[in-house]
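The values are calculated or read from the model by the stated rules, or taken from the named source; none is laboratory data. Computed from a prediction, not measured in an experiment: that's the story for all the values here. For neighbour counting, all protein chains shown are included, and Cβ atoms are generated from backbone atoms with ideal geometry for every residue, glycine included. SASA here: full protein model, heavy atoms, side chains in, ligands and nucleic acids out. Shrake-Rupley method; radii C 1.70, N 1.55, O 1.52, S 1.80 Å.
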Amino acid sequence: MAEIKVPVFSESVSEGTLLTWHKQPGDAVKRGEVLAEIETDKVVLEVTAQQDGVLTSVTKHEGDTVLSEEVLGTIGEAGSAPAASTPAPAPDQVSGPVAGEASAGGTAVQADSTSVQPAASAATRRDDLSPAVRKIVAEQGLNPAQIPATGPKGNITKADALQAATSSQPAPAAAPVQAPPQATAVQVPQGNRPEQRVPMTRIRQRIAERLKEVQNTAAILTTFNEINMKPAMDLRKKYQDQFVAKHGVKLGFMSLFVRAATEALKQFPIINASVEGKDIIYHGYYDIGIAVASDRGLVVPILRDTDQMSLADIEKQIAQFAQKAKTGKLTLEDMSGGTFSITNGGTFGSMMSTPIINAPQSAILGMHNIIERPVAEQGQVVIRPMMYVALSYDHRIIDGREAVLFLVAIKNALEDPARMLLEI
């Protein structure tokens, strides 16, 4: 027998939640195969098999709290029988992967319960009900034999039970319906003023804590400007085909903003600094975080040493981060550190916003939607593709003058990208 253990957490992570078992007792497993997934307040970790064999038992079920190096189950040699005292739990997840674009990303780490399995007998299905499903069946007076099952081996999942309860009782009782703890695509029940209570995931709880902490400690102020994106758009259109042919990746606006922000940070190092107690820490390097929206919450992977990266390097790294976010492969190392951040609400159509600083950083740049608007140029009204940009900053150490001039430097760089790329 070989024990399946929780991966070693970093010092800043005390515990996690078991999200998904990809195998059930009795299933064959191969060395390196993903057996389960654990969500911490920072990332989703994969638990892999350390040897070939059969999953003989599980001691932790989906939704359980787990600690670093805690035993989750055991793997035996091929032909080993699963432990009779540890039945396989039914998945409690609402299924359905969420797709993400390369510019915004999106994790899609969920239990695979979309394939319909052959129906088991009514007696078997009653015996295999998970505690959560058994509770719903008892409270709603449901007959397990009449509930369509979509779980592995014909098991009834919690989503199946909730769907059956909703179908049979359009007007739910006063008590709110409990949703799966880690649901990412909630099916809100229809009827007479229904409610659905969904506990926050660990990542969402941590996001809420950090953002509120920043608002309580930093003196956040936001300044705005607008950028004529036509020069940048013309540059991209002129060289896009050659850029793709040489580097195998498209030239996007984010790499231009990263380059412009890096050059502006060199001019105004206080924007790249952070507060630690009564000290100001000036950073002699440029690690820029790119905010990525995912179905599990906001994640900010870090581009390191952006002053040493080409536009192609930046685009390739962003593409890798986007792919890792979609597949839940971002690591703690990917998201640790950072001296400045950029967020692009324009991906979703935002015209203007006041982004919140990503502590312990002191500033964040907000990009927005590009809209053609009439503007005055040399006494004439012309139509130009314009973008509003915002800089939220910690007024404790950054004065308005530095913040405004920093944003003007980015505006000037994007409106004359040749000067930026030539470093003149």
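When the C-alpha to C-alpha distance is required to be over 18 Å, the pairs from Lys237/Lys266; Lys238/Lys266; Lys246/Lys266; Lys5/Lys30; Lys60/Lys324; Lys237/Lys326 that qualify are Lys237/Lys266; Lys238/Lys266; Lys246/Lys266; Lys60/Lys324; Lys237/Lys326.
Over region 199-262, accessible surface divided per residue gives 56 Å², non-protein components excluded, 1.4 Å probe.
Write down the accessible area per residue of region 1-66 in Å², having rolled a 1.4 Å probe over the full set of protein chains.
Details: 2840 Å² over 66 residues.
Normalised by residue count, the accessible surface of region 1-66 is 43 Å².
What would the Debye equation give as log₁₀ I(q)/I(0) for region 358-407 at q = 0.29 Å⁻¹, counting only Cα atoms as equal point scatterers? Reported log10 I(q)/I(0), two decimals: -1.04.
In the context of the full set of protein chains, residues of region 300-424 present 46 Å² of accessible surface per residue (probe radius 1.4 Å, heavy atoms only). Where the accessible area of region 361-424 is counted over protein heavy atoms with a 1.4 Å probe, how much of it, in %, is carbon and sulfur? So the carbon and sulfur contribution to the accessible surface is 51 percent. Taking 4 °C and 1.567 mPa s as conditions, region 305-424 diffuses translationally at an estimated 77 µm²/s according to Stokes-Einstein applied to its Kirkwood radius (Cα pairs). Across region 383-416, the residues whose backbone nitrogen lies under 18 Å from the label position 7 Å along the beta-carbon direction of Asp234 are 383-387, 411-416.
Using the Cβ-Cβ distance between Thr59 and Arg396 with R0 = 51 Å, the FRET efficiency computed as 1/(1 + (r/R0)^6) comes to roughly 0.55.
Stokes-Einstein diffusion for region 249-294, with the hydrodynamic radius set to the Kirkwood value over Cα pairs and evaluated at 20 °C in a medium of 1.002 mPa s, equals 173 µm²/s. With R₀ fixed at 30 Å, the C-beta to C-beta distance from Val34 to Phe224 puts the FRET efficiency at about 0.10. Computed over every Cα-Cα pair of region 194-353 and binned at 5 Å starting from 0, the pair-distance distribution P(r) comes out as 1, 7, 13, 18, 20, 18, 12, 6, 3, 2, 1, 0 percent. Extension gain for Gln51 to Met352 (0.36 nm times residue separation, less C-alpha to C-alpha distance): 103.1 nm. Estimated translational diffusion coefficient (Stokes-Einstein, Kirkwood radius over Cα pairs, 37 °C, 0.692 mPa s) of region 235-314: 226 µm² per second. Please report, as a whole percent, how much of the solvent-accessible surface of region 212-333 comes from carbon and sulfur atoms (probe radius 1.4 Å). Carbon-and-sulfur percentage of accessible area, whole number: 50. The accessible-area ordering, largest first, of the residues Val389, Val375 stands as Val375, Val389, per a 1.4 angstrom probe.
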